[in-house]
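Structure record follows, encoded as structure tokens.
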Amino acid sequence: ASLLNAIEMAPRDPILGITEAYNADKNPKKSNLGVGVYYDDNGKLPLLECVRKAEAQLMEKTAPRGYLPIDGLAAYDKAVQDLVFGADSAVVKEKRAITAQAIGGTGALKLGADFLKRFAPDAQVWISDPSWENHRALFESAGFVVNNYPYYDATTKGVNFAGMLDTLKNMPAGSIVLLHACCHNPTGADLTDAQWTQVIEVVTSRGLIPFLDMAYQGFGDGIESDGKVVGLFANAGGPVFVSNSFSKSFSLYGERVGALSIVATSAEEAARVLSQLKRVIRTNYSNPPIHGGQVVATVLATPELRALWEEELAGMRVRIREMRQAFVEKLKAKAPNHHFDFVITQRGMFSYSGLTKEQVTRLREEYSIYAVDTGRICVAALNSGNIDYVVDAVAQVL
Ligand code: PLP
């Protein structure tokens, strides 16, 4: 047999598979709640006005397309660092953090994983149970053993904090702990400020390496308050790894704009870290693409565009909140014996709705409503046009 002849078919991506099935569905009432994408109230992917304006500006001063530096556009890296840590933060002022443009949040995670594999080859990685389905695969493909720490508690529909903390207290020093900075995917259940304080204390005192993934900054309670935990970790001392993404917050999914930041204990240490991170980037894809980074840098650094972005992001956040509220209230009217109040407290695009696999199957087969088998629904895919249909269907399958 030839080399390729012996290769087996890889399993389908579970989430992308849902979209394929949805696309093939002919029911005009079909709804795709399986995605991880924000749609507006017309069910359309938005092009933000701040992006359109920044692109118009960039078009006017067309420039040749040389290679970017290995770590990306300097203006982008600076703007992202200020956004993630706060322009007035001690880490930024003391130049203890380095930030490199990355190919989306996924690319940032992959850079962080490859970097860590070079310098902490024997460490194990811990991710929440459950977590974004790509976390495990990304770190495993970088060569790590990946474990779960307890996170979601199906009975309380909240966080099993005692279990999480206990696992953190017992993992080997030097373990890499992946944490969702805000808007936990897939559950929507976040830690409280008081719980974060305890996590930071354990992580710091036990010498664990925190890796904060922030793909939804601005979708929870606001840009600053969603990013707060990053600042708290940074102030607790290095090292801290932070991956962030503008896929959702700028609705720039296909431009692949994200960044990896690493907090060190001094400017001198940070410079060495950056030099090594550049080697990781160089051997992955050499240097990132220009356009998306330029758009984000332009918006973040131009006061009026920045204000417009904050307004548009708030609009997305508020609309999701309204859908949470409407979902719960309408369901209360249709199915008074069931309680969904927890959906209102959840943050970000997603809700672990508590729907079982069987209920999800019935929603798909009988109503052409597509959700993830785990019961995860994308609240950002609900809108005034489909919510009544979805609520009616959910009430029928309960
Ligand atoms: N991390 C989490 C928790 C996510 O939910 C996502 C996207 O869904 C990512 C990272 C990846 O972001 P990007 O699409 O920018 O690669």
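Values in this text are rule-based calculations from the coordinates and carry no lab data. Keep in mind that what you see is a predicted model, and the values were worked out from it rather than measured. Here Cβ is always computed from backbone atoms with ideal geometry, including for glycine, and neighbour counts include all displayed protein chains.
Please compute the length gained on full extension between Ala74 and Ala173, using 0.36 nm multiplied by the number of residues separating them and subtracting their Cα-Cα distance.
The Ala74-Ala173 span can extend by a further 32.2 nm.
Using Cα pairs under 8 angstrom and six or more residues apart, how large is the relative contact order of segment 1-141, in percent?
Taking the mean separation of contacting Cα pairs over the length of segment 1-141, I get 11 percent.
Can you put Lys248, Lys61 in order, fewest other beta carbons within 10 Å first?
Ranked by crowding around the Cβ, least crowded first: Lys61, Lys248.
Name the residue from Gln346, Asn287, Val299 whose Cα lies farthest towards the positive end of the charge dipole of segment 248-353, charges +1 on Cβ of Lys and Arg and -1 on Cβ of Asp and Glu.
Gln346
Can you return the lysines within cross-link range of Lys169? Criterion is Cα-Cα under 25 Å, with same-chain partners fewer than 8 residues away left out.
Within reach: Lys117, Lys157, Lys228.
Once both axes come from the Cα atoms, what is the angle between helix 267-284 and the longest principal axis of the chain, in degrees from 0 to 90, rounded to 10?
60 degrees
Between segment 141-193 and segment 56-76, what is the separation of their alpha carbon centroids in Å?
38 Å
Rounded to the nearest 20 debye, what is the charge dipole size of segment 154-268 about its Cα centre when +1 sits on each Lys and Arg Cβ and -1 on each Asp and Glu Cβ?
On the way: 6 positive and 10 negative charges, 50 e Å.
Using Cβ point charges on Lys, Arg, Asp and Glu, segment 154-268 gives about 240 debye.
Quick check: pseudo-label points 7 Å beyond the Cα along Cα→Cβ at Glu365 and Gln195, how many nm apart are they?
3.5 nm
Neighbouring Cβ atoms within 10 Å as the yardstick, rank Tyr151, Tyr253, Tyr285 fewest first.
In increasing order of surrounding Cβ atoms, one gets Tyr285, Tyr253, Tyr151.
Show that you can apply the helix-only estimate: for the chain, add -39,500 (n - 2.57) for every DSSP H stretch of four or more residues, divide by all residues, and state [θ] at 222 nm to the nearest 500.
-14500 deg cm²/dmol
Taking the chain as the reference, fit the longest principal axis to its C-alpha atoms, fit the long axis of helix 74-85 to the helix C-alpha atoms, and give the angle between the two in degrees, 0 to 90, nearest 10.
The two axes meet at around 60 degrees.
Using Cα pairs under 8 angstrom and six or more residues apart, how large is the relative contact order of the chain, in percent?
Relative contact order here is 26 percent.
With θ taken as phi - 60° and the coefficients 6.51, -1.76 and 1.60, list the Karplus ³J(HN,Hα) couplings across segment 150-156 in order, rounded to whole Hz; mark glycine and proline as x.
x, 9, 8, 10, 5, 6, 8
Mean separation of Cα pairs under 8 Å and 6+ residues apart, divided by the residue count of segment 157-208: what relative contact order is that in percent?
Dividing the mean separation by the residue count of segment 157-208 yields 56 percent.
If the cut-off is a Cα-Cα distance under 27 Å, which lysines reach Lys44, setting aside same-chain residues fewer than 8 apart in sequence?
Candidates past the 8-residue exclusion: Lys26, Lys29, Lys30, Lys53, Lys248, Lys330.
Compute the angle between helix 193-205 and the longest alpha-carbon principal axis of the chain, please, reported from 0 to 90 degrees and rounded to the nearest 10.
The answer is roughly 40 degrees.
What spacing in nm lies between the two simple spin-label points modelled at Ala314 and His291, each 7 Å away from Cα in the Cβ direction?
Each label point is offset 7 Å from its Cα along the Cβ direction, giving 3.1 nm.
Of the options Val360, Asn170, Gln57, report the single residue whose Cα projects farthest towards the positive end of the charge dipole of the chain (beta-carbon charges: Lys, Arg +1; Asp, Glu -1).
Final value for the positive-end residue is Gln57.
Order these peptides, 325-333, 96-104, by their mean beta-carbon neighbour count within 10 angstrom, highest first. Please report the intermediate quantities before stating the final value.
Working: 325-333: 16.4, 96-104: 26.1.
Going from most to least packed, we get 96-104, 325-333.
Rounded to the nearest 5, what % of the DSSP beta bridges within the chain are antiparallel ones?
Here the antiparallel bridges make up roughly 50 percent for the chain.
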